[in-house]
Amino acid sequence: MLTGTLFAGAPDQSLRPQYRPGSVLPDGADALLRRYARSGDLGYVVYDLTTGRTIEQRNAAQGFAPASVTKAITGLYALWHLGPEFRYKTRVMATGPIIDGTVQGDLILAGQGDPVLDTDDLLTLARAVKAAGVRNITGDYLYYADALPYFREIDPDQPVHVGYNPAISGLNLNFNRVYFDWKRAGAGYRVQMDARSDQIRPVVSHVTMRVAERDAPLFAYRQDGPQENWSVAKPALGKQGGRWLPVRDPALYTATVFASLARDTGITLPKPKRTTTQTAQSTVAEITSAPMRVLVQLMLKYSNNMLAETLGLTVAKSTGQPVTSLRQSAGHMTRWAKQTLGMKNARFDDHSGLNDTSRVSPTDMVRALIHGRTKFPDYAALLKPIKPRTAAGDLGKSGQANILAKTGTLNFVTALAGYLRDKNGANYAFAIFQQDMAARNAANTAQQETPSGSRRWRARAVNIQSGLLYRWARFTAMD
């Protein structure tokens, strides 16, 4: 049962913390706001998990854009429904027997939606197919990606070239990104698009890049059937470099790379064809992902959007919920969060926080953290260690506190939520949200990854965030 002042009374009626001896910060969040002035709203709650009492709160019931703190809820959602040991499978199947190295029928690459499948995994799978005795096939090389619905991108309002806004499908590879590599060659450039990994760099021929004589835009994209065509502004390239770019047909991308790796291992395959049905077949080889608890930890550590959306869609699929959009899928998570986590006023419009229309209050976020810790006692360990290094010092090095939390950042939005343990062993759940939606709405985020003024705003917001944590870690418990 959830008790304490967090769940009763007016949002801004909070207990007043007292200083520990030697504290150097001004008393109260207002002093932090004066010192690190920035526009917009601030809301927070810090809750004592031992006594069940709220230590401090401000705008606790106000809805904020949670940004990537959304992933902390998505992680609980996936663990709750799929279990910590759930693993994705990627299979190669045959519709007929293997006779003298030849599949008598079709060979099918079938995905379950594994969000962390990479090129090295596909190489392992290709070698396993060869070890099973396959050298060629009499039928078609098919790929099946309908285990999860296909979405061309997570958020249509993002710049076209950002790798954190890829497509999603039942077959995913390298977080659905292709690597653009360039190097100056005479008056021009040598460019390559590949699906590189730690071991190999297979070239991807159906995704192309053209160096254009223009100043802007930096990147432009056009899709012609299966062909994905990019162009880049030449003045921006410099001598050499590389970056990951999103692919919009991840299933074809995965199937094409697998065929290339299969050929390199001695298996002859024709061009891939998509299938939307699964006929009678036998498994030739399969690989599995890491267990769900590891996937959730990776998602929380690296804040990967594609991983988060895939986990959310997988839950919807497993529970038989209809999904025609990411917003609809996130709506299922919203209903679950309200019913199960007590997030009475929360609304999620995606599973990653890339969309800025989701809303969560500090009170609701702390409720979720309390429920998560009760259901999964080791959930806090999946979160990322946080060491504030501003306001009054380094909490980690000073031994004042241990903080495990999820960060969230959009332009003119910052968020942090998780668990804090002070040097005396007292445990707290907290949530801190800050936003300036007017400034965000005025920025041209579709063309600029970092609009003017956003870096300075975030630096000041992080100072406030860190100052709050420092105060909470050093204050004595309330009577």
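The values are calculated or read from the model by the stated rules, or taken from the named source; none is laboratory data. Quick caveat, the model's predicted, so the values are computed rather than measured. Note that we place each Cβ from the backbone using ideal geometry, even for glycine, and neighbour counts take in every protein chain shown.
One residue stands out among those in segment 114-139 that are within 25 Å of the chain's Cα centre (by Cα) and of a type outside the set (A, V, I, L, M, F, W, C): the one that is farthest from ILE267 (Cα to Cα), which is PRO115. When VAL211, VAL191, VAL203, VAL134 are checked against the criterion of being farther than 22 Å from LEU311 by Cβ, at pLDDT 95 or above and surrounded by 20 or more Cβ atoms within 10 Å (Cβ to Cβ), VAL134 stands alone in meeting it.
Scanning segment 56-91 for residues that are of a type in the set (A, V, I, L, M, F, W, C), crowded, with 24+ Cβ neighbours inside 10 Å and more than 21 Å from the chain's Cα centre (by Cα) yields a total of 1. Determine if segment 349-358 includes at least one residue that is within 30 Å of LEU125 (Cα to Cα), at pLDDT 95 or above and either more than 17 Å from the chain's Cα centre (by Cα) or surrounded by 24 or more Cβ atoms within 10 Å (Cβ to Cβ) (or both). Taking every residue of segment 349-358 in turn, at least one turns out to be within 30 Å of LEU125 (Cα to Cα), at pLDDT 95 or above and either more than 17 Å from the chain's Cα centre (by Cα) or surrounded by 24 or more Cβ atoms within 10 Å (Cβ to Cβ) (or both). Of the residues that make up segment 190-198, is at least one closer than 20 Å to GLN278 by Cα and assigned to a loop (DSSP other than H, G, I, E, B)? No, the conditions are met nowhere in segment 190-198. Restricting segment 361-380 to residues that are within 26 Å of ASP155 (Cβ to Cβ) and in contact with a strand residue (DSSP E or B) (Cβ under 6 Å, 6 or more places away or on another chain) leaves a set whose member that is surrounded by the most Cβ atoms within 10 Å (Cβ to Cβ) is MET365. Are any of the residues in segment 229-244 in the same structural domain as GLY113 (by TED's automatic domain parsing), hydroxyl-bearing (Ser, Thr, Tyr) and surrounded by fewer than 20 Cβ atoms within 10 Å (Cβ to Cβ)? Within segment 229-244 (the criterion being in the same structural domain as GLY113 (by TED's automatic domain parsing), hydroxyl-bearing (Ser, Thr, Tyr) and surrounded by fewer than 20 Cβ atoms within 10 Å (Cβ to Cβ)), the answer is yes, since at least one residue qualifies. Looking across SER289, SER231, SER197, SER282, one residue alone is closer than 30 Å to ASP100 by Cα and of a type outside the set (Phe, Trp, Tyr). It is SER282. Say whether the condition of being in contact with a Leu (Cβ under 8 Å, 6 or more places away or on another chain), in a strand (DSSP E or B), at pLDDT 95 or above and not assigned by TED's automatic domain parsing to the domain that holds LEU354 is met by at least one residue in segment 146-156. Checking segment 146-156: at least one residue is in contact with a Leu (Cβ under 8 Å, 6 or more places away or on another chain), in a strand (DSSP E or B), at pLDDT 95 or above and not assigned by TED's automatic domain parsing to the domain that holds LEU354. Within segment 47-65, residues that are aliphatic (A, V, I, L, M) reach partners that are at pLDDT 95 or above and assigned to a loop (DSSP other than H, G, I, E, B) with beta carbons closer than 6 Å, at six or more positions or on different chains, in the pairs ALA61/SER361.
Annotation for segment 120-127: no member residue is among the basic types (Lys, Arg) and assigned to a loop (DSSP other than H, G, I, E, B). Looking across segment 203-214 at every residue that is assigned to a loop (DSSP other than H, G, I, E, B) and touching a strand residue (DSSP E or B) at 6+ places or on another chain (Cβ under 6 Å), the one that is nearest to ALA126 (Cα to Cα) is identified as VAL204.
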